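Structure first, commentary second.
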Amino acid sequence: MREHEFTIELPEAAPRLWALFQRYDLWKEYAPAVLDVEIVWPGDADGNGLLRKVIYPLPFGRRGESFELVKNVQPGRGYDYVMLRSGLSGSVALEPQGPNRTRLRFRERFHMRTPVLRWFEGSIYRFINKKNEESMRGAAAWLAEHREFRPDLVD
């Protein structure tokens, strides 16, 4: 089992980041860890029970696909998710730090179930970690370039 935690302070208000993270149609614009997202089931009004299909890049030009179940949603603050086929789980948390400052915590647990793939688990996971970190930075960069996106949520 591998675990990864990434924490970064972003120059954006938590509600604005949250609003962007809920726009699955925009993920591929700022997240190099995402090639496409399809909402399979919307879940409840807060997003609990949401099921999303995420297509993501893998090393050597390959593509992966995961079905992610979102749970424990705290609107504007974070959520947990489980990748149904792989057993990977993770969480995203937004912690306001002041006007237009938010600490983002991203956690993930990963374990390859296929014995042959376990040989490559370290290199695959380093690749995925790097893409996830780039995606979190990409969200802040996207918001900086798109000031018209939810200006009502700027502190």
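No value in this document is a laboratory result; all are computed from the given coordinates. Just so we're clear, the structure is a prediction, and the values are computed from it rather than from any experiment. Glycine gets a Cβ as well: all are built from the backbone with ideal geometry, and neighbour counts include every protein chain shown.
See the values below:
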quantity: Principal-axis tilt of helix 121-145 within the chain, Cα atoms, nearest 10 degrees; calculated: 20
quantity: Normalised alpha carbon radius of gyration of region 2-153 [divisor 2.2 N^0.38 Å]; calculated: 1.03
quantity: Residue order, fewest to most surrounding Cβ atoms within 10 angstrom, among F21, F149; calculated: F149, F21
quantity: Computed over the chain: relative contact order in percent, which uses C-alpha pairs under 8 Å that are six or more apart; calculated: 30
quantity: Choice from R126, R103, R77 with maximal GNM fluctuation in the chain (Cα, 10 Å cutoff); calculated: R126
quantity: Simple Cβ-charge dipole of the chain, Lys/Arg +1 and Asp/Glu -1, about Cα centre, in debye nearest 20; calculated: 580
